[in-house]
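Report on one structure; see the data block that follows.
A short reminder: the numbers here are calculations on the coordinates, not readings from a lab. Just so it is clear, the model here is predicted, and its values are computed rather than measured. When we count neighbours, we look across all protein chains shown, and the Cβ atoms used for this are built from the backbone with ideal geometry, even at glycine.
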Amino acid sequence: MNYKIFFILIPLILSIAVPVSHDSYRSANAINANVSIPGIVYEGENFTLYINGTEPGLSNYTFALYIAGDNLTGITTYYHGFSKSNGNFSEHITAPDNVENLYFMFYEYAYNNKTNQNYTYERTYTVSVQKPIVLSATIKNVNKTPVNNVTVYFYLDGTEVGSTRVKEINANSNYTANITVPASIVPKGENTLSIKTNSLELGIAGQDSTKFYYGKPPNYDWIYYIAAVAIVFAAFMILASGRRTRTKVPKWKRNKSKKK
């Protein structure tokens, strides 16, 4: 089978977060809670966080969440809940439309009727809001039969940054595979994007690459300014040289020619 691979680099506004489960925090009379919250989200992204704090013997669970950050325009910064017997809570959050760090302060309280003691969980998590970048590869199947279960691996400057699985590429058709990565892992300047696949039919290990520039390109206008000055200076030197090569006629020769 023959395939052609093309590359596209485009920005993306929304993506799906992959929750990261953090270790629980426990002290004397502490609720053995576990919080699942992503470490990185994208601008304007919708994501869900979870706190699981149900323990035997505890009741009257109260949950509170405070969000702090530099620019919280348009987002909710306070959440709370209560349950008589269930210490598990979840909240749907929308990230702000700007790059910054968000600070999530979790509080959960419960009561033990047998010991007449209060139990608490308190912890702060940091979530980084970043710009999303989509790395995209379009694979063309020019064969008359489909190919199934192709895994596409993406590399930036030789380092793998993610992969995606293509269930099926139909015969004589294109399929665009892409992954979303945070802008913080893409170096400023020129980068090499390459891919590999697990298909032996793609030839040369199914690998191809392209170069792209991320960030604001350098300003080379000064080169043109120097070139213009050099041209003007060269023209001046040529004219000056022409003036110096002119032969000056002595005064006595000029007078003699007038008498004739």
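List of remarks:
- Here Ser136 passes the criteria (1) of a type in the set (S, T, N, Q); (2) assigned to a strand (DSSP E or B); (3) farther than 30 Å from Thr210 by Cα except the one numbered (3).
- Among the conditions (1) loosely packed, with under 15 Cβ neighbours inside 10 Å; (2) in contact (Cβ under 8 Å) with a residue 24 or more places away in the chain, the only one that Tyr125 does not satisfy is (1).
- Among the residues of the stretch 142-159, those identified as assigned to a strand (DSSP E or B), touching a residue at least 12 places away in the same chain (Cβ under 8 Å) and not aliphatic (A, V, I, L, M) are Asn148, Asn149, Thr151, Tyr153, Phe154, Tyr155.
- Residue that is nearest to Ser184 (Cα to Cα), among those in the stretch 98-125 that are in contact with a strand residue (DSSP E or B) (Cβ under 9 Å, 6 or more places away or on another chain) and charged (D, E, K, R): Glu100
- Scanning the stretch 160-193 for residues that are farther than 30 Å from Glu100 by Cβ and not in a strand (DSSP E or B) yields Asn170, Ala171, Asn172.
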